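Q: Before we start, here is the structure in question, set down as structure tokens.
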Amino acid sequence: MGMACASPDRSRGCAVSAQRTNPRGLPGAKERVHHDAMRSRTPKFAALTTIRGRDILRVRAFGVELASVWHSGLVCHTGFFVHSRFSRFAMKSKGLFRELARIIGEDGVLWRQEDLMLYEYDALSSVRQPDVVVFPRKTEHVVQIAKLALRHDLPLVARGAGTGLSGGSVATEGGILLVFSRMKRILEIDLENQRARVQPGVVNLDLSLAVADAGYYFAPDPSSQKACTIGGNVAENSGGPHTLAYGVTTNHVLALEVVLPDGEVIHTGASHWDRPGYDLTGVFVGSEGTLGIITEATVRLSRKPEAVKTLLAIYDQVVGATRTVAAITARGITPAALEMMDGFCLRAVEEATHAGYPMDCAAVLLIEVEGLKEAVEEHADEIEAVCRENQAREVRRAKSAEERDLLWKGRKTAFGALGRISPNYYVQDGVIPRTRLPEMLEFIGSIEKKFDLHIGNIFHAGDGNLHPLIMYDERNREQTARVGKAAREIIMRCVEMGGSITGEHGVGLEKSDLMPLIFSAVDLELMGRIKNLFNPQGRLNPGKLLPTGKMCGELRGGLAGGGPV
Ligand SMILES: Cc1cc2nc3c(=O)[nH]c(=O)nc-3n(C[C@H](O)[C@H](O)[C@H](O)COP(=O)(O)OP(=O)(O)OC[C@H]3O[C@@H](n4cnc5c(N)ncnc54)[C@H](O)[C@@H]3O)c2cc1C
């Protein structure tokens, strides 16, 4: 089950805001008192550190770390030789560490328990540790590491910023985690041909900022764009608020350089023409790191529109907002973005961002139209009329770029804002035909009552992509189990309505066992054959995307441990 997480990749200082009211790693007063007491009892040959609120006693002798003992006493490991789990890696770790260090240098390898903890989850609440984390700087490093993993039969998992909401970059079977935070160079910008060639670790927003002054941008804009990487976007085929008009990532990727699990490098697509033959770029986009490791991407840059108008339609009843969505597109207008937030989420967002959202309404629509100046004015007037026909109490227009940015800031940081009011929440990601939004909202309301839970609603309404956010406290196991059931009923309803189990957060680890709901056995078998072709031993990102037969309930921690989905 997916859950927006505090700061998925703390090591990168990710800008995504908090899910937990007391984020792990920031001990409260009680923890500090306990820690001080522990410190006073620590013997001289040991050192006490606190990582994510847990005390670790590191015992050293002759300059070597012999053991790390967690204060809970649950986990202990000795240097590099005895690991907390008996993984394939643990058996050979010392030699492997040396080999990895030879390839990328010692500063490119992390293996200590406390370092690995930073990489044991993404924005999903499931927890599994890799055995080693490596930071390649160039394609050749990835090639060498892939060959090494092949020789030693180790799992290999790629990771961008770790903002994924379906557990895609969690190393479910341990092994080597390749983190792309040191491959973040924009290699080439070709404005005349509207192309950019980038390394996979480039942060989504950084690419748009790099070409902004010249009047260009990279269109896919996930709400996590301040942190997530182009490699992650390609692997997840990510969308965002502007997907309605500009499509998802696949519509903006022209060519890829990919390292296969045996270390072979292939090039797909082309930056200037359509290559004949099979569309291998399309095969890799959305493959969630299960077919190959993306080491370079050539992407399309879009020209900024001449004019933009941002409208905020305010409703006293949710149904008015949902009816407006279908009514706008029925008039033949395709806004660039058409987002919905209900009153519950709005209040949390306004308290966190002071973006100017009303505190007393049932829902708002954030609507954006772009294009030529005259057309934009005309469409904005038409949209305003549709909103009023559907009982909008007020329709505001952003008067300046600052006001527009503030409204979007509120929308894009909404998940984080909800983290201020609930210890945990689960983000569902489903799709339905947008004409059925009113019916779906009613259904979610009935689920809220049935399971006695609070559910906030934030939708990419224009393309029928729902994100119901279910509030809970993971310390309450019984409530956590109810959240799992509620989330499952919502996703089943999406499927019954002719929709999908995910709109943009991907399948990952979380929803692989739901794939048979939308694909036939024949479809799945064919996908399995494609996977086997590129990833014959299944070592690349194991346990993701395709059904494994193992439920995610087998993972420890949070909803995944308690919820049935
Ligand atoms: C607050 C918040 C808001 C979000 N909003 C959106 C949204 O609006 N739209 C949306 O689509 N998603 C959204 N997401 C989900 C997430 O940000 C996207 O899926 C994003 O594309 C993940 O990028 P990442 O760099 O963090 O990838 P990671 O989470 O690190 O990895 C995601 C997947 O990509 C694979 N991968 C990463 N790099 C590579 C590579 N170089 N080669 C091969 N595989 C690779 C990983 O193995 C994993 O399977 C949101 C997440 C959060 C926390």
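The values are calculated or read from the model by the stated rules, or taken from the named source; none is laboratory data. The structure presented is a predicted model; accordingly, all values stated were derived computationally and were not measured. Ideal geometry is used to build each Cβ from the backbone, glycine not excepted, and the neighbour counts take in all protein chains shown.
Q: Taking the condition of being buried (at least 24 other Cβ atoms within 10 Å of the Cβ) and assigned to a loop (DSSP other than H, G, I, E, B), how many residues in segment 156-174 meet it? Steps first, answer last, please.
A: Within segment 156-174, the first condition is being buried (at least 24 other Cβ atoms within 10 Å of the Cβ), and the residues that meet it are 156-171.
Keeping just the survivors that are assigned to a loop (DSSP other than H, G, I, E, B) gives 160-171.
Going through segment 156-174 one residue at a time, the tally reaches 12.
Q: So, Leu209, is that one crowded, with 24+ Cβ neighbours inside 10 Å and not in a loop (DSSP other than H, G, I, E, B) or not?
A: no
Q: Could you look through segment 491-513, keep only residues that are among the hydrophobic types (A, V, I, L, M, F, W, C) and either at pLDDT 95 or above or in contact with an Asp or Glu (Cβ under 6 Å, 6 or more places away or on another chain) (or both), and pick out the one that is nearest to Leu546 (Cα to Cα)? Steps first, answer last, please.
A: As a first pass, look at segment 491-513 and keep what is among the hydrophobic types (A, V, I, L, M, F, W, C): 491-492, 494-495, 497, 501, 507, 509.
From what is left, the residues that are either at pLDDT 95 or above or in contact with an Asp or Glu (Cβ under 6 Å, 6 or more places away or on another chain) (or both) are 491-492, 494-495, 497, 501, 507.
Working: Ile491: 18, Met492: 18, Cys494: 20, Val495: 18, Met497: 23, Ile501: 13, Val507: 8 Å.
Among those that are among the hydrophobic types (A, V, I, L, M, F, W, C) and either at pLDDT 95 or above or in contact with an Asp or Glu (Cβ under 6 Å, 6 or more places away or on another chain) (or both), it is Val507.
Q: Follow-up. Can you find even one residue in segment 208-217 that is within 23 Å of Gly508 (Cα to Cα) and either near the ligand (Cβ under 7 Å from one of its atoms) or in contact (Cβ under 8 Å) with a residue 60 or more places away in the chain (or both)?
A: If we filter segment 208-217 for residues that are within 23 Å of Gly508 (Cα to Cα), which is where we start, we get none.
Scanning segment 208-217 turns up no residue that is within 23 Å of Gly508 (Cα to Cα) and either near the ligand (Cβ under 7 Å from one of its atoms) or in contact (Cβ under 8 Å) with a residue 60 or more places away in the chain (or both).
Q: Please pick out the residue among Ala255, Ala245, Ala219 that is part of a helix (DSSP H, G or I), on the phi < 0 side of the Ramachandran plot and over 11 Å from the mean Cα position of the chain (by Cα).
A: Details: Ala255 fails: part of a helix (DSSP H, G or I); Ala219 fails: part of a helix (DSSP H, G or I).
Answer to the selection: Ala245.
Q: Restricting to segment 398-428, name every residue that is away from the ligand (no atom under 13 Å from the Cβ) and aliphatic (A, V, I, L, M).
A: The answer is Ala398, Ala401, Leu406, Leu407, Ile421.
Q: Which residue, of Glu296, Glu288, is in a strand (DSSP E or B) and closer than 30 Å to Glu173 by Cβ? First the steps, then the outcome.
A: Working: Glu288 fails: in a strand (DSSP E or B).
Residue meeting the stated conditions: Glu296.
Q: Separate question: Check off (1) away from the ligand (no atom under 11 Å from the Cβ); (2) in contact with a Gly (Cβ under 6 Å, 6 or more places away or on another chain) for Val253 and give me the number that stays unchecked.
A: Result: Val253 fails condition (2) only.
Q: Hey, any hits in segment 231-243 for a residue that's out of contact with any Gly (no Cβ under 6 Å at 6 or more places or on another chain), within 14 Å of Val198 (Cβ to Cβ) and either modelled with pLDDT of 95 or more or near the ligand (Cβ under 8 Å from one of its atoms) (or both)? Reasoning before the result, please.
A: Within segment 231-243, the subset out of contact with any Gly (no Cβ under 6 Å at 6 or more places or on another chain) is 233-234, 238-243.
Now restrict to residues that are within 14 Å of Val198 (Cβ to Cβ): 233-234.
From what's left, either modelled with pLDDT of 95 or more or near the ligand (Cβ under 8 Å from one of its atoms) (or both): 233-234.
Yes - at least one qualifying residue is present in segment 231-243.
Q: Any residue in segment 400-421 that is under 14 Å from Phe459 (Cα atoms) sitting within a Cβ distance under 6 Å of a residue that is part of a loop (DSSP other than H, G, I, E, B)? List the pairs, counting only those 6 or more apart or interchain.
A: Gly410/Ala355; Gly410/Tyr357; Lys412/Ser223; Thr413/Ser17; Phe415/Ala4
Q: Still on this structure, please answer the following. Against the conditions (1) within 14 Å of the ligand (Cβ to nearest atom); (2) within 27 Å of Leu301 (Cα to Cα); (3) in a helix (DSSP H, G or I); (4) not aliphatic (A, V, I, L, M), where does Arg182 fall short? Just the number, please.
A: Just one mismatch for Arg182, condition (3).
Q: So, in segment 182-208, exactly how many residues are out of contact with any strand residue (DSSP E or B) (no Cβ under 9 Å at 6 or more places or on another chain) and under 28 Å from Val133 (Cβ atoms)?
A: We begin by selecting, within segment 182-208, every residue out of contact with any strand residue (DSSP E or B) (no Cβ under 9 Å at 6 or more places or on another chain); these are 182, 192-193, 205.
Filter again for under 28 Å from Val133 (Cβ atoms), leaving 182, 205.
Going through segment 182-208 one residue at a time, the tally reaches 2.
Q: Ok, one more. Being hydroxyl-bearing (Ser, Thr, Tyr) and either closer than 21 Å to Thr172 by Cα or in contact with a Gly (Cβ under 9 Å, 6 or more places away or on another chain) (or both) is the filter here, so list the residues in segment 465-522 that pass it. Lay out the reasoning, then the answer.
A: Taking segment 465-522 as the starting set, the residues that turn out to be hydroxyl-bearing (Ser, Thr, Tyr) are 472, 480, 500, 502, 512, 520.
Thr480, Ser500, Thr502, Ser512, listed by residue number.
Q: Shifting gears a bit: So if I check each of Gly464, Gly503, which one is within 16 Å of the ligand (Cβ to nearest atom) and surrounded by 24 or more Cβ atoms within 10 Å (Cβ to Cβ)? Spell out the reasoning first.
A: On the way: Gly503 fails: surrounded by 24 or more Cβ atoms within 10 Å (Cβ to Cβ).
Sole residue among the options that is within 16 Å of the ligand (Cβ to nearest atom) and surrounded by 24 or more Cβ atoms within 10 Å (Cβ to Cβ): Gly464.
Q: Does Ala196 count as more than 13 Å from the ligand (Cβ to nearest atom), buried (at least 24 other Cβ atoms within 10 Å of the Cβ) and either of a type in the set (Gly, Ala, Ser) or over 15 Å from Asp122 (Cα atoms) (or both)? Don't jump to the end; show me each part of the working.
A: Details: more than 13 Å from the ligand (Cβ to nearest atom): yes; buried (at least 24 other Cβ atoms within 10 Å of the Cβ): yes; either of a type in the set (Gly, Ala, Ser) or over 15 Å from Asp122 (Cα atoms) (or both): yes.
The answer is yes for Ala196.
Q: Return yes or no: is Glu370 in a strand (DSSP E or B) and not assigned by TED's automatic domain parsing to the domain that holds Ser224? Before you say what the answer is, go through the steps one by one.
A: Numbers: in a strand (DSSP E or B): yes; not assigned by TED's automatic domain parsing to the domain that holds Ser224: yes.
Judged against the criteria, Glu370 is a match.
Q: Exactly one condition in (1) assigned to a helix (DSSP H, G or I); (2) assigned by TED's automatic domain parsing to the domain that holds His141 is not met by Ala321; state its number.
A: (2)
Q: For Asp429, indicate whether it is within 18 Å of Gly240 (Cβ to Cβ), at pLDDT 95 or above, crowded, with 18+ Cβ neighbours inside 10 Å and acidic (Asp, Glu).
A: yes
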